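**Student:** Got a structure here, written out as structure tokens. Questions coming.
Each reported figure results from applying straightforward, stated rules to the coordinates on display, with no laboratory input. Keep in mind the model is a prediction, meaning the values are calculated, not measured. Neighbour counts are summed over all protein chains in view; Cβ atoms, including those assigned to glycine, are modelled from backbone coordinates with ideal geometry.
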Amino acid sequence: AERGFEAISVQDIADRAGSTGHVLSPYEDKRDLLARSMDDIHAELLAVLAPPDLSRPDLLQQNLVLMLDHVAAHARFYQVMLGPDAPGAFAVRARQLLVFNGRQRFEQLNIPPGQVSVTPELMFAFFAGACISAVQWWLEAGQPLSSTALAEDIMRLSMQGTLRILGPLA
């Protein structure tokens, strides 16, 4: 993992796992292993997230904390998968999963058409990209904030906007 995804062979993964390859036999190659691992991570995260509820405005932030706690618990994996030598597919797939979950949760809220002042798909993509970028920064910086503090900052930036947070610029 220290060498980056592209430099790692299936044998390296088997050796690191203490296996002679039997662990990897169900996988076609390391990309298949990565894809299935991402699916497992996605399922693990979905299992702990609370369903959307308009009566609980704090729920999005609570779910974000749970996601960040998961990242912290698996920090080395995420550092490799989101770092400078990472396979681009991981960040793309992570963004797609965040967008998919955002869309799914948004639809469950039954918000009337026209109530949202921006294109919903752009909103999902924006928030997903912001979360991934924030996690990359957080990992690269050595997790200088708690998952709760990072979630609060992400929410402030996303909900209030960068320019509003900066205050008057004139």
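**Student:** Working out 0.36 nm times the residue gap between Thr148 and Ala125, then minus their Cα-Cα distance, what length gain in nm do you get to one decimal?
**Tutor:** Full extension from Thr148 to Ala125 adds 6.1 nm.
**Student:** Given the peptides 43-55, 129-141, arrange them by the average over their residues of other C-beta atoms within 10 Å, most packed first. Working shown, then result.
**Tutor:** Details: 43-55: 11.5, 129-141: 16.5.
Order by mean packing, descending: 129-141, 43-55.
**Student:** Also: For segment 39-76 and segment 87-142, compute the distance between their C-alpha centroids and round to whole Å.
**Tutor:** Distance between centres, Cα-based: 13 Å.
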